[in-house]
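Have a look at the structure below, then the notes.
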């Protein structure tokens, strides 16, 4: 397990308490899971993603991530419509371990209400949150 | 660490190598090392892996009536080696079976080693040494036999995988003669003062070992027994010699996925406090030809012969790596009728389905460019017989997965390969 100081936590993205991230600088906005989440899960062996064109509300489940250890649900950081999914993950789910913010992204969404982004944490707030749950 | 949690002599080594540790059966053991359970699993199928198995227990049974005690308390007929009457189990061989109670339920599974006419060792699961010791003491009646629980006095490690013999060639004294003609479920060596029979087998640094061609992965390999204080130097020497063969230290997660793919049961999970019948491991019972009765009298036999309502235990494999949580999962037939529960569910990462069959990364006829995606697999316990190829659904409340009843799971396993072939690899 990584120490919190060892985690890769980019500063240009926002984080949720369920350890998803969303990149607000991209359009549509990319979503994935954090370095902390992939480290906790261990080796990821299967990923279930939503269908493009479907819409979900903030907090709804959009996928599952299966590791050697467990199965985890992933939840919408904000409400939106799924525009693209990362089809590379079906053949190479380990990309989520190797590159959680780059090659291991999960989906791209068009955000319904940008106001909802204000409820998410920036890097510093997320790091504090992680220190609190450790 | 909780003071009641025990550790093996390799605990410090595991920590130095950043293993992810967890408590299993009262022992703090590695779940996986930084390479990860998938790499560890695949290493055992293509190269070799080493496992700390010193948490397992051994019970020594000696004396003029040791054979008679085991004939009564253990499930295999030791008078019918290879099924032939009047052909007792030879020394230097070992056999898998179970200890049952009078209700025909499993106390534990075991491998029994015969060191001499009157000297046997039962290797049982972690924390069960005392249980089997007490059970055998209760069964002995007036038999002239000495029973000793060797828990934590014998050290044990396994080396498993097709390159295991090549690695042992580098660390054994006089390796050719030691490995030559070593049969599956055969062993050599002795460890004074516990067993002083047969020719000694030693590592090049002089450590005496009992070298057994057995294991719990379904792959070619060995279990090594040493004195507890010799385990760390033996492990380090074998690890060092194995590096050029890409040997991988492996944790409990890989051990679990390898054994499930090999259709081997985990005691107290796949076999346990229900009658030991209607399962894939009936070779552990002394059936007469035609399964009309047994060839000997033993504890539990009456219940097993009379049993009419027992559940059926069946191996299964899914269609992708997705698993379910076993504790909560129910098994349903395709019409939606609940028919049982899930005993084990893990993912064998070395296999995939291809054209209606399961292919392993070790399969000689695998399709070009084959890259296994993994299949979930395990055992279900259901209230009706299920044919091979039958489909059932497993639901843990979070997800439902569709799985197929199988006879075999991971094909092209190497456990029974000829020693000569494996040494020359």
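The values are calculated or read from the model by the stated rules, or taken from the named source; none is laboratory data. Values in this document were obtained by computation on a predicted structure and should not be read as measured data. In this analysis, Cβ positions are derived from the backbone assuming ideal geometry, glycine residues included, and neighbour counts consider all displayed protein chains.
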For the subset of region B:327-353 comprising residues that are part of a strand (DSSP E or B) and more than 23 Å from the chain's Cα centre (by Cα), which member is nearest to the other protein chains (Cβ to nearest Cβ)?
B:352
Complete set of residues in region B:31-62 that are assigned to a loop (DSSP other than H, G, I, E, B), touching a strand residue (DSSP E or B) at 6+ places or on another chain (Cβ under 8 Å) and within 22 Å of residue B:351 (Cβ to Cβ)
B:35, B:47, B:48
Can residue A:56 be described as more than 30 Å from residue B:349 (Cα to Cα) and touching a helix residue (DSSP H, G or I) at 6+ places or on another chain (Cβ under 8 Å)?
no
Checking the structure you have, find out if any residue of region B:321-333 is surrounded by fewer than 17 Cβ atoms within 10 Å (Cβ to Cβ) and closer than 23 Å to residue B:109 by Cβ.
yes
Answer yes or no as to whether residue B:40 is surrounded by fewer than 23 Cβ atoms within 10 Å (Cβ to Cβ) and within 20 Å of the chain's Cα centre (by Cα).
no
Can you name the condition, by its number, that residue B:356 falls short on among (1) under 23 Å from the mean Cα position of the chain (by Cα); (2) modelled with pLDDT under 95; (3) away from chain A (no Cβ under 14 Å)?
(1)
Which numbered condition trips up residue B:104, out of (1) surrounded by 17 or more Cβ atoms within 10 Å (Cβ to Cβ); (2) over 20 Å from the mean Cα position of the chain (by Cα); (3) farther than 18 Å from residue B:286 by Cα?
(3)
Does at least one position in region A:64-73 carry a residue that is touching a helix residue (DSSP H, G or I) at 6+ places or on another chain (Cβ under 8 Å), within 14 Å of chain B (Cβ to nearest Cβ), loosely packed, with under 15 Cβ neighbours inside 10 Å and within 25 Å of residue B:345 (Cα to Cα)?
yes
Candidates B:369, B:397, filtered to the one that is in contact with a helix residue (DSSP H, G or I) (Cβ under 7 Å, 6 or more places away or on another chain), modelled with pLDDT under 95 and assigned to a loop (DSSP other than H, G, I, E, B)
B:397
If we keep only residues of region A:23-53 that are in contact with a helix residue (DSSP H, G or I) (Cβ under 8 Å, 6 or more places away or on another chain) and assigned to a strand (DSSP E or B), then the residue farthest from the other protein chains (Cβ to nearest Cβ) is A:32
Restricting to region B:162-175, name every residue that is touching a strand residue (DSSP E or B) at 6+ places or on another chain (Cβ under 9 Å) and either not in a helix (DSSP H, G or I) or not assigned by TED's automatic domain parsing to the domain that holds residue B:47 (or both).
B:162, B:172, B:173, B:174
Given the criteria touching a strand residue (DSSP E or B) at 6+ places or on another chain (Cβ under 6 Å), without any contact (Cβ under 8 Å) to a residue 40 or more places away in the chain and either surrounded by 14 or more Cβ atoms within 10 Å (Cβ to Cβ) or within 15 Å of residue B:257 (Cβ to Cβ) (or both), does residue B:381 qualify?
no
The strands (runs of 3 or more DSSP E) lying wholly within region B:211-326 that contain at least 3 residues that are touching a helix residue (DSSP H, G or I) at 6+ places or on another chain (Cβ under 8 Å) are B:221-227, B:248-250
Taking region A:1-22 and keeping only residues that are touching a strand residue (DSSP E or B) at 6+ places or on another chain (Cβ under 6 Å) and within 14 Å of chain B (Cβ to nearest Cβ), one is left with none
Of the listed residues (B:270, B:348), the one being in contact (Cβ under 8 Å) with a residue 24 or more places away in the chain, surrounded by 22 or more Cβ atoms within 10 Å (Cβ to Cβ) and assigned by TED's automatic domain parsing to the domain that holds residue B:214 is B:270
With region B:63-146 as the region, which strands (runs of 3 or more DSSP E) entirely inside it contain at least 1 residues that are within 28 Å of residue B:309 (Cα to Cα) and assigned by TED's automatic domain parsing to the domain that holds residue B:222?
B:94-100, B:106-116
Examine region B:164-173 for a residue that is within 22 Å of the chain's Cα centre (by Cα) and free of Cβ contacts under 8 Å to residues at least 60 places away in the same chain, and state whether such a residue exists.
no
Mind checking whether some residue in region B:410-425 is more than 29 Å from residue A:63 (Cβ to Cβ), exposed (fewer than 14 other Cβ atoms within 10 Å of the Cβ), touching a helix residue (DSSP H, G or I) at 6+ places or on another chain (Cβ under 8 Å) and outside the structural domain of residue B:331 (by TED's automatic domain parsing)?
yes
Does residue B:305 qualify as being within 24 Å of residue B:267 (Cα to Cα) and assigned by TED's automatic domain parsing to the domain that holds residue B:141?
yes
Within region B:176-188, tally of residues that are at pLDDT below 95 and out of contact with any strand residue (DSSP E or B) (no Cβ under 9 Å at 6 or more places or on another chain):
4
